[in-house]
Every structure is written in structure tokens, then in C-alpha cells.
Amino acid sequence: MHPPSLVVTFTKKSSVKMAKLTSLFVILLSFFRISEAVFEDQVGKFDWRQQYVGKTLFAHFEANTQSSKKLFVATDKNIFASFNSRTGDLLWRHVDKTGPEGTIDILLLHGQDALMVVGDGRLLRSWDTNIGGLNWEAVLDTGSFQAACFVAIQDTVKLVSVLKKAAISLHYLSNGHQKWVENLPDSDAVQYQAVYSGGEEEVYVLGVVPNSHLTIIAYSLEDGEIIKQRSVEASWLSSVESSCVVIGQGVLMCVDPATLALYTLPIQAEETPEFSQILLQSLDLEVSPGFQPVLVSSQPHPARSPLSEFFLQLGPDHHVLLQLNADGYTIVPLRDFQPAFLVSFATTGKKTVAAVMTPKNETACAINLFSVDSGRRLLDTTVFFPLEPNDGKPHALYVHAFLKKDDSVGYRVLVQTQDHALTFIQQPGRVVWTREEALADVVTMEMVDLPLTGTQAELEGEFGKKAAIQDGLFPMVLKRLSSQVTLLQAWLAHLWKLFYEARKPRSQVKNEVTIETLSRDEFNLQKMMVMVTASGKLFGIDSKSGSILWKHYLENVQPNAAFKLIVQRTTAHFPHPPQCTLLVKDKDTGLATLHVFNPIFGRKSHIALPALPRPILQSLLLPVIDQDYAKVLLLVDDQYKVTAFPSTKNVLQQLQEMASSIFFYLIRSDQGNLSGFRLRKDLSTERIWEVVLPTEVQKIVAVKGKRPNEHVHSQGRVMGDRSVLYKYLNPNLLAVVTESTDTHPERAFVGVFLVDGVTGRIIHEAVQRKARGPVHFVHSENWVVYEYWNTKSRRNEFSVLELFEGTELYNSTVFSSLDRPHLPQVLQQTYIFPSPITTMEATLTEKGITSRHLLVGLPSGAILSLPKMFLDPRRPEVVTEHSREENLIPYAPEMPIRTEWFINYNQTVARVKGIYTAPSGLESTCLVVAYGLDIYQTRVYPSKQFDVLKDDYDYVLISSVLFALFFATMISKRLAQVKLLNRAWR
Amino acid sequence: MASVPRLCLLLSIIPTILILCADFACCNTGRKTGDGLDTDFSGFSVPLEHSFEVDDASRFRMRGALQLRGGRETSVSLSQSQLSEEDRNTLKEVAAVDGLYKIRVPRVSLTDRQTERQMDGYLTAFVRACSLVESHLSDVITLHTDVSGYLIGVSIVTIPGACRGTEVEDEVDLEAFNTTLTIIPPTNAPQPETALFIERMDIEHEKRGKPQEQKSFFAKYWMYIVPLVLFLMMSGAQDQSGGGAANGGGR
């Protein structure tokens, strides 16, 4: 058994020559099958990986010097990472558990230490920011997390306090040990929401009884004893967290949207029994209607009290900088910022500045620095942030301020936009880098062929039907000649370029891919990856280099929307542009919207979209094409009415003609109901079959049909006795996987139903007993492979089902679900798999001649290319002459995992969610994209590269041999002639 | 001419083929259906309905009654009447416009809990009416059950299944259904065959292992040792006897 851990399987090509020297190395090589692993010099040649972190929740810069390069972020994907702020590259990344267990509640940074509370107050962690190592980890008491802050003793930060729903604890920064923990008094009634320390001997906890009063408790740092406790009448206050901040010398400042007033209260002073009110009106401030005012304050150093200046946001683009006077209850407005999207404080040394982002024009925003003390604008601090129409609006601003040599303040800005992108800008307004973090959550993708080059397209256009009709014979000849001349020109230019580039050293040749230079390569290996992300941002990525060629942000996409990407027109129909349609469905209402775009350029198409007033149940792409070669998309609404898109007269006419042969199915997993429908001429539908799986027994978890672009080259399998076993190739077959409602290990089961999608006939019904999900499965050709958890033996198992018609075909010319009365033979075998898996997909090639592999994503991040040969239900228990003839591997209950089968060597893909496969122009080659947190693209050759010369093919040797032979023939011929002549003379 | 169908109508009920399908590996206990114990399993009847209309609307009519029997051995039989003249004509018309012939059965449970037997809803299946006509009403109806004995699906196919457009001349061919009825429970998917594999490995190991088995030194070289010992013994005895003889000779 191979260990599941990843072993890098490079086999050094250069070392192969040296292998003779050491017999040991020869032995080592014999363990690997050299041809399957990646050579070291092939690393990164056909593959690339991009790593992402997700939507930033907290971001901090390293110490405030000009030379600092590090940037720390904690994200919604439970990731703590560090970027190089000069390049945007990932320095290190820690991927925690998914789900609430790994949620990062807060990230605090102090010097070299990054403090993090994880999993709703479950763990407190300290990281070394230099190398990203864990300093210590402390398990906290139960209770949901509320707040945390650093606590200083005598001007040095030594402690961190964590406030939970019912307790407060203090931990040493050096080792995480708990100094003390105290239960909060009356925690059932009082909601404790904030903790404050201003460098004194106490730590203050603020709690609120909504719309009644505020509770302030002062704990002694030394032993956690309650020093003071008091409650202040505050009937207007509902939440400390959302409406209060601490400013100045420990003054609590709250804003009340109802009375439009600010309230101040000194936290420490016991003599003030109640809040003092300052009406906003008295400061000449006005809140935008319906807007909840927000206070923004800053505490530059935990050992000192916060600034007495603060921002008050009065509207979506209206901020005011205010200052609290030393007396503690009068406020001076320093500066009014309108319009201003975002504001942020930044401190360097003793100077604190405020950064304000204001809209400049349609295409850019300006960021300026202002002195906090006076509200004056600092000179030469303007930075422009480009606003692109295809990106989201700015969402958050993180400022890194530093002192320049001349003691003036310099800064860099990190802008987070609504589409989760991070942009880093340096003075004077240069975008240093952009990270598209939306790609950390890819939902679905497609690969689209690139268009032909201009000259190729011209040639195509020449043979267009319309052109032929319009022009006469003579113009056609001219056109032909001219296009051939342009082709010749292009070829010469290409040759010249090759020659020119061959002289340059290799490193200097950079093939910058831009949208203009995009064209299909010889073997169609380079494609456009259209990726749809959960945030609603679409990307067009070049599959060869991984560079983002276009992006488009769809605003107003609900966070839980479902996406379906459909390629309606491929690139093959020049001059019609390719067309993709994205169906976005709101999960709550079921209402759907369509976004139609050109997948090569990302531009939105201006096509009339159908109105979809009703929830959409199902969408299906028909092979019917309209006069512009776009495939017809049918959308079925909740009243079983059908909408066609595009819905031209031509399409509707075709639909009417074909109506009786258009069938579709609907599955309602909540009712266990599978039903089939047939289209009527008036585009209404009739229900023709119904299968019901009682939900008391089992629930449908997944349904998969076959991929429409799949080709099967061989109709059958030749057996040992030279007879043919024909495959049951039903294109309408659905694989329905169910799980039992009873989860008891002895009674749990997984059901696999093979149902014909046209007739509703249950072709096969298998029950895997003592099994439960999650079930991953692939349905292709005449087989279904599924993986489940065996509850009895506690292991993962693979099972394969293959369907055969038998040794005779019922109707060899055409397959019809309506005329196939005999049930197929079903063969099944099960194997043990020594690892859990996260996703599974099968390779796909142009003509289906190449043998198939299964691509299995493992939790370790490795992608395993498992030959389908190992998953063959005809693997014999006992080897016979016939089975040997057929090259069947003898049955072994355990499936091996060989390290050289990992196609991504050490480029692990964190949290693999899906694998997409696409055929290339070469039959041997299949393009693979694995996505999850990372994106990895590569090529696989399931039957090796039988149609390609190897990379290191010795052209010099073969041509020199040819030339030598040629000359040898010439010379020997000459010699023979001379000899003959001499003999004749004799 | 007309008397023949009328006579058939009088007979009205033609029992059709009954197919048993053992779903569990347990052997039949051999109890007779008449036993008092088995009254619960004596079966129950559900209607089998069909619908064929020129406008493809669903108007289900009685076709026959399915006799279902649950318990250890699930079995099903069907009693159905002949098609009336009117029905025959409609069926032919439906076949001419390529309409559908649909059947449905109510959702039932084959397990013996009387109260929960009937659930709302039907299971529906269809076949092209023309293929039914062209096959002279020879159809195969299959009922599928799930692990706990609920009927989950029904399917109907005709043999042959194709519509070739051949005209059915003889009215008699369209009178009675020639139905093959089966009930299919789910098959159990195999588990990994570890036991057999280990057994095979053992056998192989044994085969390979035998010649290399460590034999004792004596067992290996007895053919050399025994003659040697014999030789030594013999020579020793000869020495003795020889010595004796010599001694004797000296006397």
C-alpha cells in the first residue's frame, strides 16, 4: 500500500544519462514509471497554479516603516495569509478548517505577533509574522466571542483580553497562559459587547441592556477583581458594538439615529451619572434620510488612550471629521467631507493622518491625506484609484503610512472592492498590483475555443454561403487570389518572427497574451476559461498562461444564487461571435435572470432577453440551432410553461415541428419525485411519466446525465474469444444517487438508480448496504463510478457499474429510448480506496479513442489520475487465458494510489471543489482545470502522447542521419557509376 | 363473425402471466397461501389504469387489477379485460397520430402494514401507441420496488418496440393484451471481495512457498547422510569382525 502522503515524483532528465554510474539510481528509477511522471524541466511548462485567499475581513500592515513589505490578511475562507506588498505574491498562507469551526473572529497585530481568535471564541492563537509560524495556541472557555483587545502594563503591551458572552479572560502575550478569567455579573440580562483598555491599571467591560441602561465594569489587571461597577441610564441605546466608540481620555461616544444626537460619557469618572447629549443640529450636521450614522475612531497604540478625533458618517458618501475637546463634552467639527466614499485613520510614529477617498470623475477616485489635528490637507498626497466599469465599487480602505526621510508622511493604500478584489496603490498613484480574490470561490466554468486568426477567418468567410450568392464568378476568383496572398504574407511574417526570436535569448522572449493577440493555436491547446465566481464576477482566463484577459462584475447577485453557464454558440460560426449565457437563479425566490456575453472578450451582448416573471425550474440546451447558429435554450417555469431563448420565428417554427420529440425531466428532491414531460406544439408541456422515491426511506442527493460533448469511439469491447460485447450507450440515461434517511450504520444505504430520462424507465436499481455519503460519482459512456463511505468497515470504497447490451445489438444504426425493450446487462464491482476524496471527474478527449482516466481530487490537495482500467467490473477473480488476452487486470480488492499518478506533483490545490475537463485538438491530450481555493490548470495524456513527438526528440540526430544517408547514397551511386564505366572501358 | 368476440367478452377475465421474483436470498419457508398465518400476506389488489386519447389529454380508465402479494416472496399477477371495440378504434386513431399510451398504478407499499399501504399519487409510464398496436398488444410491464417494499416506478415496453408503420389488419389481434408482468426489487451492490482475494493469495503463496520451505538439515541431506552412516556402521562392523577374524586368525 502506498502512503497517501504526497511524494514529489520528479525524475531528473539529466540524471537519466548519469544513471549508468550508479546502480542504485537505476533501481530507484525502476520504481517509477518514468514516462508517467513529470520531468523537472517540464514543471510549469504546461501547467500553472494560482493561489487565493478569499474575501478579506481583516488586513494589517507590518510595522510602519517605508521598507516594510508585509501585509497580513484574514479572510472569510478561514485563511490567515501574508502578502508581499511590493508584488502581491503570497508569502505564506494558513488554511484552517472550513465552516464555523475555523472562522476568524478577530485579527490583532502588535509588533511581531499576530493574535487571532478562531471558531467563535474557541481558540486564541499567536503567530510569528516573520515566518508565519505558530507561537502558541490556547484553548478558551466556551462561550461566544464578543470582543478582544491588547492590554498594556506600564507602557508595554503584555496582555490580551478576550471578552466572551459570559466571561472575560486575560492572557499573556508571550506564551498564551491565562492570567485570570472572571465570570461577568448578570450575563443573562446584560449583553457585554466591548472591552477597553487605555493603558491604565484597569480593563473596562461595556455591556448593555437594550433600551434600558449601560453597564460599565472595571476589572483590576492584577487579579481580575471588580474595582468599580455602575450602570448608566440609556434608554435609547440598543447596541454598544454598532453605535459606540471610545475616544480621547476614555470617553464613550455614542450616536443615536432616532434623536439625531451624540452622547458622551467618561468611562472612568464616577461623578458623572449620565450621558451628556449633543444634538447634531447644534453642530450643523444633517443625517441622510434612512441612514444609520456610523462612528469611526482610532487607537494608535494600545498603551495609550485613543485619539480625540473621530469620523462620523452621515450618509453613504458623507463623512465629517470631529474633535472632542479636552473638557470631554464639547465637539468641534474639523472638516466636512462630501462626497467621500471611505475614510480611514493611519498612524506613523507620533503622527496620525486621515485618508479620505473621494470620487474624482467617472473613471477614478482620489485619495488624500489630512492632518488629524487640524483637518488640513497634506500637500502632494493625492493618489488616484482607477474605477473600472467591470469592477465593483470600493468597499474598504487600508492605509499604510510611514515617515519619509524628510519627516513628511508617505503612504500606500490597499483598496478592497465589492467584488473581493484587492488593489495596492503607491504614491504617486501607481497601481502596484491587483489580486482577484473572487477566484477563491469559483462556482462553475466552461472552456471555449479561441477564435481563428484574422487571416484564417477571412478564408472561412470566403466560403460563406451569403458571399457566394452575392458575388459572381470573377470576383470570387479575385477574392480567392487575394486571400491566398494574405495567407502567404502572414506565413512569411510568422517565419520572420520565428527567425528573429530565435536569435534572442530565451528569457527575453515574452509572449504577452492580450485580447488582441488571441488566436487559436495549431492543436487547439490554448482555450479561454470562462469562470463564474460566487460573488457574481465573471472572468476570462487564458488557459495557457493563466492571465486574466477580461472580467465582468455582475452587481445585485444574491450571495446564495445558483449559476448555470451555457455555451450557446461556439467559436466555429464565423462571422457570428461566440455566445455564452449565464443563468443566475435566486435560491429564495427561484426567479432567474440571464446574462448573455461574448466569452472571448467578456462583453455583454445586446440581445433582447426574454422576460422571466416566474420561478424557473429547469433549463435545457437543445441541439436545435437558429439561423444565427445559436443553440436554443429552453427555460421551464413553475407552471410548466416553456420559454425559448432566442425566440425568433425561425426557432418557434422549428420547435413546433420537433415538439413531439422533445422530452425533459424534472426532479424535486424534497418530494423524491422524478417526472418526465413532453413538449406540445403550443410550448406547453404534458407530464408523461412519474417515478416517486418515498422520502421516508431515501432522499435524492444528486442526479447526473452524460456530458453532451462526449464521444465514444468504440461501440463494444472485443473479448478473449473474439466475440464483441456491445456497450449500452444510452445518451438519455440519468444516474440518480440517493442516501437513506435512516443513518444508523447497520441500516444506512446508498441507492443508485439508472433512469432513462425520456421514458422514465428504471434501467437498474442497486443498493449499497451499510454505506453513506458523501457520494461522489461520474457518469460517462456506459459506466457509472461512485465513491461512498462504508459504515461497517469504516473505509472509502469505489464501485463501478457497467452496462452492456450483450453480444448482439438491438438496433445498431440509431439509439432510441422509445425502442429499446430489453434491459441491459449490468456488471458491478467494488474496491477499497485508501483515501477520502473531495471531487471526481473523467477525462475527455476529442474523439474518445484515448483510454479514460478518472481525475480524483483528494483532501490533501493532490489530484490523482486513476486509470479507468482499474475500475472495470470484468476484472477476473481468477486469471484465465481469455482474460489475459483482453488485458484485464486480475481483481484486487484494494485500489492502489501510486504517487506518480498525481498530476499536480507538489502543486497542491487547496480545498478542491471541482475538476473541469475539456478536449483539445490533439486526441491524446485532455485539458484539466481543478478549482477550489486555488486554480490549477494542466494537460493530461491518459494513453501517453501517441500523436506528439517528445519534447526532447532529437531532430539534429534524425536529420543528420537522413542527410548522411542521402549523401552516402549519392556518393556510392557516383562511385558505382565510375566503377561501371571503368569496367566498360576494360 | 361477431359471436366470437362476444363470447370472449362473456368470459371477460383472462388471467395472464404471473411471474414471481424472489428478492431475498432467504429460502422460501414453504408455507401455503391458504395458511391462517399468511392471511396478512394474502395480497391485495390495486387498479391498473390506462389512457390513450387523440388529443393526448390524460383520461385514465380501468385496464385491469393488479394482484400484489408482499412478504417474503413478492409476487404480482394481473387480471384484465379485453379492449372494447370503441377502445380499439381510439387506440388505432391515437397510433395514427403518434400519440402516447399511458398507464398508471397507485403508489402502494408491499409490506404488510395495512394502514400505510396506500399513499397519494400515482406512478406513470408510457409507450408509443403505434408500437403497442404493431406489437399486437404484447407489452412488458415492470414494477420496481425500493428496499422497504414501496412501489417506486412502473415501466412499459412493447416487443418489438419499433413503429414501422405496418397496418394491423386483423381486429382480433387488438382484443386481448398479452402482458408479461414482473416485479423487480433492488439488487444488492457487491462489497469488495476481500475474503476470496486473501484465499487466492494464500493459495498462490502456498504454491510458491512449498519448494522454498525450510527443511531440516537431515531431511535435506538424508540421501547423503544415510549411506554415510550406513557406510560408517558397516565399516565399523567390518572392522570389528575383521579384527575378530584377525584375532581369531592369530589363534
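Which FRET efficiency value, to the nearest 0.05, is calculated for A:Leu981 and A:Lys944 with the Förster distance at 51 angstrom and r the Cβ-Cβ distance? Walk me through the numbers on the way to the answer.
Details: r = 53 Å, r/R0 = 1.04.
Efficiency for this residue pair is about 0.45.
Taking the number of Cβ atoms within 10 Å of each Cβ as an exposure proxy, the fewest-first ranking of A:Phe967, B:Phe52, A:Phe275, A:Phe870 is A:Phe967, A:Phe870, A:Phe275, B:Phe52. With each label modelled as a point 7 angstrom along the Cα→C-beta vector, the A:Arg430-A:Leu965 pair spans 5.8 nm. Other protein chain C-beta atoms within 10 Å of residue C-beta, averaged over A:692-705: 3. Only one residue of A:Gly720, A:His744, A:Pro646 has its Cα farthest out toward the positive end of the dipole of the stretch A:641-769, where Lys and Arg carry +1 and Asp and Glu -1 on Cβ, and that residue is A:Pro646. Working note: 222 nm ellipticity from helices only, DSSP H runs with n ≥ 4, each -39,500 (n - 2.57), summed and divided by the residues of the protein assembly as shown, gives -5000 deg cm²/dmol to the nearest 500. Across the stretch A:747-816, C-alpha contacts under 8 Å between residues 6 or more apart give a mean separation that, scaled by the residue count, equals a relative contact order of 21 percent. Within the straight-line cut-off of under 29 Å between alpha carbons, the lysines reachable from A:Lys228 are A:Lys158, A:Lys164, A:Lys165, A:Lys179, sequence neighbours fewer than 8 places apart in one chain being disregarded.
Sequence-distant or interchain residues sharing an amide H contact under 5 Å with A:Ser547, placed H: which? HN-HN under 5 Å from A:Ser547: A:Asp542. Using a ≥ b ≥ c from the Cα gyration tensor of the stretch A:267-389 (square roots of the eigenvalues), is it rounded, prolate or oblate, where a/c under 1.5 gives rounded and otherwise the larger of a/b and b/c decides, a/b for prolate? Cα axes put the stretch A:267-389 in the oblate bin. The aspartates and glutamates whose alpha-carbon is closer than 14 Å to the alpha-carbon of A:Lys564, local same-chain residues fewer than 8 away aside, are A:Glu446, A:Asp586. Counting neighbouring beta carbons within 10 Å and listing from fewest to most, the residues A:Thr358, A:Thr65 come out as A:Thr65, A:Thr358. Could you tell me whether the stretch A:315-377 comes out rounded, prolate or oblate from its Cα gyration tensor? Rule is a ≥ b ≥ c as square roots of the eigenvalues, rounded for a/c under 1.5, then prolate if a/b exceeds b/c, otherwise oblate. The shape class here is oblate.
If only the Cβ of Lys and Arg carry +1 and only the Cβ of Asp and Glu carry -1, the dipole of the protein assembly as shown around its Cα centre is close to 5160 debye.
Left without a cysteine partner by the 4.7 Å Cβ rule in chain A: A:Cys149, A:Cys365, A:Cys580, A:Cys926.
Pairs of C-alpha atoms in the stretch A:595-665 farther apart than 16 Å represent 52 percent of all such pairs.
Each label point was placed 7 Å from the Cα along the Cα-to-Cβ direction; for A:Leu666 and A:Thr156 their separation is 7.2 nm. Taking the average, over residues, of other Cβ atoms within 10 Å as the packing measure, peptides A:165-172, A:177-184 rank A:165-172, A:177-184 from highest down. Rg then Dmax, both in Å and based on the Cα atoms of the stretch A:705-776: 16.2, 48.
Placing +1 on each Lys and Arg Cβ and -1 on each Asp and Glu Cβ, with no other charges, gives the stretch A:95-248 a dipole about its Cα centre of roughly 220 debye. Among rounded, prolate and oblate, which fits the stretch A:813-929 when a ≥ b ≥ c are the square roots of the eigenvalues of its C-alpha gyration tensor, a/c under 1.5 means rounded, and a/b larger than b/c means prolate? In terms of gyration-tensor shape, oblate.
Under 18 Å of direct C-alpha separation, and excluding same-chain neighbours fewer than eight residues apart, A:Lys45 reaches these lysines: A:Lys12, A:Lys13, A:Lys510, A:Lys527, A:Lys544, A:Lys944, A:Lys950. Sorting the Cα pairs of chain A by distance into bins of 20 Å, from 0 upward, gives 10, 34, 33, 18, 4, 1, 0 percent per bin.
Along its three principal directions, the equivalent ellipsoid of the stretch A:538-620 from the Cα gyration tensor extends over semi-axes of 24, 16, 11 Å, largest first. Each Cα pair under 8 Å and six or more residues apart adds its sequence gap; the mean of these over the residue count of the stretch A:297-403 is a relative contact order of 19 percent.
When only Cα pairs below 8 angstrom with a gap of at least 6 residues are kept, chain A shows a relative contact order of 7 percent.
If the limit is 20 Å between Cα atoms, which of A:Lys393/A:Lys537; A:Lys681/A:Lys706; A:Lys537/A:Lys913; A:Lys97/A:Lys587; A:Lys704/A:Lys847; A:Lys604/A:Lys631 go over it? Pairs exceeding 20 Å: A:Lys681/A:Lys706; A:Lys97/A:Lys587; A:Lys704/A:Lys847. As a rough footprinting exposure proxy, the listed residues A:Phe61, A:Phe499 were ranked by other beta carbons within 10 Å of their own, and the order from fewest upward is A:Phe499, A:Phe61. Near the amide H of A:Leu554, within less than 5 Å, lie the amide hydrogens of A:Lys537, A:Leu538, all on another chain or at least 5 residues away, with H placed in the peptide plane.
Read-outs throughout are calculated quantities, based only on the coordinates presented, and are distinct from any laboratory measurement. Note that the structure is predicted; figures quoted are calculated from it, not measured. Neighbour counts are summed over all protein chains in view; Cβ atoms, including those assigned to glycine, are modelled from backbone coordinates with ideal geometry.
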